[in-house]
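Structure, as structure tokens:
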Amino acid sequence: MPLSVLLSGRGIANYSVEVYGGGPLEREMKTLSTNYELNHRIRFMGWVRREELRVRLGEADIFVIPSDIEGMPLGCLQAMASGLAIVGSRAPGISEVVRDGENGILVEVGDVRGLADAL
């Protein structure tokens, strides 16, 4: 399962990022977080139980799912059920449940600038 990201905070100067799950990009994300001195803003949570995820979803403002492929994006569906804003990639699976401009924002897979602009 790919990583999922929750953003919360008020304003650009006061945000935090929680990264859930795991996958091949996790190590690279941790390295980038350290290199850009963002460890005070980004927490890598790993895998969590469903009950804790529900609590975290209730505290978040945005759910980000920038995967390049998904089966059924359960994290995305849970985030939608929690009323979160969704920003995701146009990957199979995600683009089947998120309609760009209707119930979320979609960007092309791998489009880092587009993802940043959407956020």
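Read-outs: derived from the displayed coordinates by stated rules, not from any lab. Here the structure is a predicted model, which means the values were calculated and not measured. Here the Cβ positions follow ideal geometry from the backbone for every residue, glycine too, while neighbour counts run over all protein chains shown.
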For this session: Describe numerically, in nm with one decimal, the distance between label points set 7 Å from Cα along Cα→Cβ at D117 and at S16.
Result: 3.1 nm
Exercise. Taking the Cα centre of the chain as origin and charging only Cβ (+1 Lys, Arg; -1 Asp, Glu), how large is the dipole, in debye to the nearest 20?
Worked result: 360 debye
Exercise. Which FRET efficiency, nearest 0.05, do R43 and R99 yield, Cβ-Cβ r, R0 25 Å?
Worked result: 0.25
Exercise. From the backbone phi of segment 82-95, what are the Karplus-calculated ³J(HN,Hα) couplings (6.51 cos²θ - 1.76 cosθ + 1.60, θ = phi - 60°) in whole Hz, Gly and Pro given as x?
Worked result: 8, x, 7, 5, 10, 10, x, 8, 7, 6, x, x, 5, 5
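By counting other Cβ atoms within 10 Å of each Cβ, how are V97, V87 ranked from fewest to most? Intermediate results must be reported in sequence, preceding the final value.
On the way: V97 16, V87 22.
So the residues, fewest neighbours to most, are V97, V87.
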Exercise. Okay, helix-only estimate at 222 nm for the chain: each DSSP H run of n ≥ 4 adds -39500 (n - 2.57), divide by all residues, round to 500 deg cm²/dmol; what do you get?
Worked result: -8500 deg cm²/dmol
Seminar exercise, completed: segment 42-93 and segment 94-113 have their Cα centres apart by a whole-number Å value of 13 Å
Problem set entry | Which of A116, L32, M72, positive extreme of dipole for segment 4-118 (C-beta unit charges) | L32
For this session: Can you give me the P(r) profile for the chain? Cα pairs, bins 5 angstrom wide beginning at 0, each as a whole percent.
Result: 2, 11, 22, 26, 23, 12, 3, 0
